[in-house]
Amino acid sequence: MNRSALSAALLCPIAASVLTLGGCSQIPRPTASVTGARIEGLTLDEARVVFDVKIDNPYAVGLPMVGLDYALASDGNEFLTGDAALSGEVPAEGSRTIQIPARVAFGPLGNVLQSARPGKLVPYRADLGLTFDPPIISERRVLTIHHGQIPIPSVPEVSVQEIRWTSLSLSSVSGTMKVRLKNTAEYRYRIGSMNYSLDLSGQRVTSAATSNTLTLAPGASGDLSIGVSFSATSLGMAFLNTLTSASASYRLQGAASVTTDFGPVTIPFDASGQASMFN
């Protein structure tokens, strides 16, 4: 008698206390299914994918969990594997949902997939295995499969188009700066709050924050109007005079809080060029 037949023969006489069977011809198996997948901790360097996996236990006793394993692949190219021990059990004739986290580093991912570049969406297949220690029979592994996408963030193109001064004096300089942003990703960006510092003609003039928002479709550009104010007392009259010229060199650097359909990400930027000025 082979092992599976022997297991069935052993299980059937005690079905009332160990298993709930529709008949002794087949031993029920635990099942697993992915009920959700989300991106957490998205940065320019990595993404943490968390899978919610529901486990159903058909047995009349608790089902001890032993371990898990996972493998992620794209277009047949495996780029991440892992495993971990599990403790606890799935209640008798009940279910339990567990979380399986997988950290995807974009550097190694790009070494495996040439298409894995900033701004891209990487399709993937996740094979998630769960191992249990069911009653009487040997350990059993259950496999569930999930398909999804991993976003690789990209830095938007940033430029200062113009600055319109409304006040120019040593004690108070104020105006409005038009900042153009271009979404270089294959998915939507919503630009939220932004911390920035602005240099004009090689001089740091202000460090501030703005809560203006801008939603950009893939590849689209849009403008933010940002108020600028500072005192030029320490910079001197010669610098103030440069602000009345037709243009000035600038450097704009900082970080923007960006919301995507996959989760939030903070993206640093550092842009320089020549900005038109009006007064």
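Here, each number is a calculation from the coordinates, and none is a lab measurement. Here the structure is a predicted model, which is why all the values come from computation and not from measurement. Every residue, glycine as well, gets a Cβ built from its backbone with ideal geometry; the counts of neighbours run over all protein chains shown.
Here are some notes:
- Percent RCO, i.e. relative contact order, over region 157-278, from Cα pairs under 8 Å lying at least 6 residues apart: 32
- Estimated 222 nm signal from helices in the chain, with DSSP H stretches of n ≥ 4 weighted -39500 (n - 2.57), rounded to 500: -2000 deg cm²/dmol
- For the peptides 260-270, 230-240, the ranking by mean Cβ contacts within 10 Å, running from highest to lowest, is 260-270, 230-240.
- Among 34, 110, 73 the positive-end extreme of the charge dipole of region 31-151 (Cβ point charges): 110
- The order of the peptides 82-90, 151-159, 200-208 by mean Cβ neighbours within 10 Å, most packed first, is 151-159, 200-208, 82-90.
- Across the chain, Cα pairs under 8 Å and at least six residues apart give a relative contact order of 15 percent.
- Within region 149-171, backbone nitrogen closer than 19 Å to the virtual label 7 Å beyond the Cα of residue 223 toward Cβ: 157-167
- Scattering curve values for the chain, log₁₀ I(q)/I(0), Debye with Cα scatterers, q = 0.07, 0.09 Å⁻¹: -0.46, -0.62
- Computed from the alpha carbon positions, the gyration tensor of region 176-279 leads to an equivalent ellipsoid with semi-axes of 29, 14, 11 Å, biggest first.
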